[in-house]
1. Suppose we keep only residues that are in a helix (DSSP H, G or I) and touching a helix residue (DSSP H, G or I) at 6+ places or on another chain (Cβ under 9 Å) within the stretch 5-30. Which one would you say is surrounded by the fewest Cβ atoms within 10 Å (Cβ to Cβ)?
2. Does TRP78 meet the test of being out of contact with any Leu (no Cβ under 9 Å at 6 or more places or on another chain) and outside any strand (DSSP E or B)?
3. Pairs under 6 Å by beta carbon, first residue in contact (Cβ under 8 Å) with a residue 12 or more places away in the chain and hydrophobic (A, V, I, L, M, F, W, C) in the stretch 36-59, partner in a loop (DSSP other than H, G, I, E, B) and loosely packed, with under 14 Cβ neighbours inside 10 Å, six or more apart or different chains?
4. Picking from LEU37, LEU54, which residue would you name as being in contact with a helix residue (DSSP H, G or I) (Cβ under 7 Å, 6 or more places away or on another chain) and part of a helix (DSSP H, G or I)?
5. Do you know which residues across the stretch 81-94 are assigned to a loop (DSSP other than H, G, I, E, B) and in contact with a strand residue (DSSP E or B) (Cβ under 8 Å, 6 or more places away or on another chain)?
6. Kindly list the number of the only condition in (1) of a type outside the set (Phe, Trp, Tyr); (2) farther than 21 Å from GLU42 by Cα; (3) modelled with pLDDT under 95; (4) surrounded by 22 or more Cβ atoms within 10 Å (Cβ to Cβ) that fails for ARG76.
7. Take the residues of the stretch 130-152 that are β-branched (Val, Ile, Thr) and touching a helix residue (DSSP H, G or I) at 6+ places or on another chain (Cβ under 7 Å): which is farthest from MET89 (Cα to Cα)?
8. If I filter the stretch 149-161 for residues that are among the small types (Gly, Ala, Ser) and out of contact with any Lys or Arg (no Cβ under 9 Å at 6 or more places or on another chain), do I get at least one hit?
Amino acid sequence: MESFQLESDAGRQYLIRIEEVSDFRQELTRTLIEIDLQTFSESTFSHYTAAAFLRSGRVFLLRADDAVIGTCVCIRSWERPADVLLLSMGIRPGWRGRGLGQRFVEGVLGKLRLRGMRSVTLLLSKGNRRAARVYTEVGFELVDELPEDPLTGESLYVMRCKLRDEASLTELPLTPRR
């Protein structure tokens, strides 16, 4: 799914697109941080880490017409280079509750599958039932639970979505980044 139409409550039509960031632009650093702060109770990124992920990770944008309304940041595993860690996914307030999260994750998974990735793993707060439902509906399964953090008291789930079988890894070369 590259794009689709969404109608607002007021009847306005938006063209929704999922795109992979292919070039570093400074304003995207601020956008990553801004959407992250609107999504999570604690900041995930500094300006340095946001810029590093834009340059060296895989960053996907969810756009409504030309406005960025969501971001998804992924990195590859050092131990298993065909596996990806989904670090952060967020959608701006006002756009939530319309099924965009599920469609966004499905689009990102599709793009990673086309790049030859084998699986996507994420960490999710045990109390985040809404996100757990979204991830489960697109194919993620609970594979582990991390012990409670003594400082925060938070427990995390480890969820994984299998994108392809081991045997098919030899069939698809990894595509270099544009």
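The values are calculated or read from the model by the stated rules, or taken from the named source; none is laboratory data. All values reported here derive from a predicted model rather than from experimental measurement. Methodologically, a virtual Cβ is constructed for each residue, glycine included, from the backbone with ideal geometry; neighbour enumeration extends over all protein chains shown.
1. GLN26
2. yes
3. What qualifies is LEU54/PHE24.
4. Selected residue: LEU54, the only one of LEU37, LEU54 that is in contact with a helix residue (DSSP H, G or I) (Cβ under 7 Å, 6 or more places away or on another chain) and part of a helix (DSSP H, G or I).
5. Listed by number, the residues that qualify are ALA82, ARG92.
6. Exception for ARG76: condition (4).
7. Among those residues, the one meeting the criterion is VAL138.
8. yes
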